[in-house]
Amino acid sequence: MTAPIPREIPGLPALPVKRPGLLPSPVPARAVMAPVRRPYAAAYRLALALTATGAVTVEIVLGSPTRILSHFAVQSTALLAVVTFATARRSWTGRQPLPGKLTGAALLYVMITGLVHHLLLAGAPPAYALSDAPSGPATLAAHILHTAVPVAALLDWLLLTPPARTHLRHTATWMLYPLAYLAFSLTRGELLPGNPARYLYPFLDVTQHGYKGVLGNALLLGLAFYALAVLLVVVDHTRPNPVRRRPKTGFRLRAPVG
């Protein structure tokens, strides 16, 4: 009688099972996929960028340029205009959109501008107004900066921008600009000791609240800004895709014969 053949031979290592993997393609995706142009999105974004640029220009021409450019509202709107010009061009040419880290930051800053203006500056004294001597065009430009531009930017993000392009790791980076603006505002106030407009926002006015009060206000605002940034990321990952398109297979269905 013959001995049974063992299923496993002791002392011999098992042969590794290698599964064939996909080799990385040296050809980028845009070389095999036709670019998708979005002329309507490009037109909307171009109009938004021109409106924001016009409002900033009117405020600079009618007011003191150095004072106007020191406002958070003007700086954030100028940043949004630059970013929106770039997104409009990419929508028109069909190129890849800008990184969500950049577009999300621009949206967050103009949202902060609108919310702070309507919630904290509605009853502020005239000394904290955007323009020294508000006129008709300056008042209209201020409304555009604080209301129309934030709303239009939010609509662009909700209706024309693909979702899930921002991440929670971006929120900490987005807080660097408000922190830098706080340092800029305090430094500007120290460099203009006799100027009545040394502080542009009442909650950052050291002459009224002292450094302890201003830093407390800045801490509360910073937490609110961070919560707003987290909310934008959460909404970005839960909202539907407004630009979803049906894939084209290249096949056409024909009516059955007979």
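The values are calculated or read from the model by the stated rules, or taken from the named source; none is laboratory data. Owing to the predicted nature of the structure, the values given are computational and were not obtained by experimental measurement. Reconstructed Cβ throughout: ideal geometry from the backbone, glycine too, with neighbour counts over all protein chains shown.
Which of the following residues is over 23 Å from Leu221 (Cβ atoms), out of contact with any strand residue (DSSP E or B) (no Cβ under 8 Å at 6 or more places or on another chain) and part of a helix (DSSP H, G or I): Leu98, Leu50, Leu108, Leu79?
Testing whether each residue is over 23 Å from Leu221 (Cβ atoms), out of contact with any strand residue (DSSP E or B) (no Cβ under 8 Å at 6 or more places or on another chain) and part of a helix (DSSP H, G or I) leaves just Leu50.
Which one of the conditions (1) surrounded by 13 or more Cβ atoms within 10 Å (Cβ to Cβ); (2) in contact with a Gly (Cβ under 9 Å, 6 or more places away or on another chain); (3) within 19 Å of Arg165 (Cβ to Cβ) does Ala73 fail to meet, given that it meets all the rest?
(3)
Filter segment 101-115 down to the residues that are surrounded by fewer than 20 Cβ atoms within 10 Å (Cβ to Cβ) and touching a residue at least 40 places away in the same chain (Cβ under 8 Å), then identify the one that is farthest from Ala43 (Cα to Cα).
Leu115
Quick one: Leu186 ticks every box in (1) loosely packed, with under 12 Cβ neighbours inside 10 Å; (2) closer than 24 Å to Leu215 by Cα except a single one, so which number is it?
Status for Leu186: all satisfied but (1).
Among what's in segment 173-183 and is of a type outside the set (S, T, N, Q) and touching a residue at least 24 places away in the same chain (Cβ under 8 Å), pick the residue that is surrounded by the fewest Cβ atoms within 10 Å (Cβ to Cβ).
Taking the candidates together, the pick is Leu179.
Filter segment 111-130 down to residues that are small (Gly, Ala, Ser) and either assigned to a helix (DSSP H, G or I) or at pLDDT 90 or above (or both), then give me how many there are.
2
Among the residues of segment 141-163, are any in a loop (DSSP other than H, G, I, E, B) and surrounded by fewer than 20 Cβ atoms within 10 Å (Cβ to Cβ)?
yes
What number of residues within segment 169-200 satisfy the criterion of being modelled with pLDDT under 95 and assigned to a loop (DSSP other than H, G, I, E, B)?
9
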